[in-house]
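Student: One structure follows; several queries about it will come next.
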Amino acid sequence: MFDVILKPIKNEKQKFFYVTKTASNHSPYNSPLAANNDVKAFEYTDKVTAEFIEKLK
């Protein structure tokens, strides 16, 4: 998802504001790290969010 968002951001010429949803508010919280594991799902979200922030720099 973040890679898709990066494409239009890189083309922005002026100030901008983007909003996206990164997590659901109900279980199951599934991720590539583990299925039905809340801790692993949030760990994955933290990891990819940090990578996204680094790419924005």
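The values are calculated or read from the model by the stated rules, or taken from the named source; none is laboratory data. Quick caveat: nothing in here was measured; it's all calculated off a predicted structure. No Cβ is skipped: glycine too gets one built from the backbone with ideal geometry, and neighbour counts run over all protein chains shown.
Student: Can you pull out the residues in region 24-53 that are acidic (Asp, Glu) and at pLDDT 85 or above?
Tutor: Glu43, Asp46, Glu51
Student: A further question on this structure: On the given criteria, is Leu56 modelled with pLDDT under 85, of a type in the set (A, V, I, L, M, F, W, C) and out of contact with any Gly (no Cβ under 6 Å at 6 or more places or on another chain)?
Tutor: no
Student: Then there is this: With the checklist (1) out of contact with any helix residue (DSSP H, G or I) (no Cβ under 9 Å at 6 or more places or on another chain); (2) modelled with pLDDT of 80 or more in hand, flag the one item Lys21 doesn't pass.
Tutor: (2)
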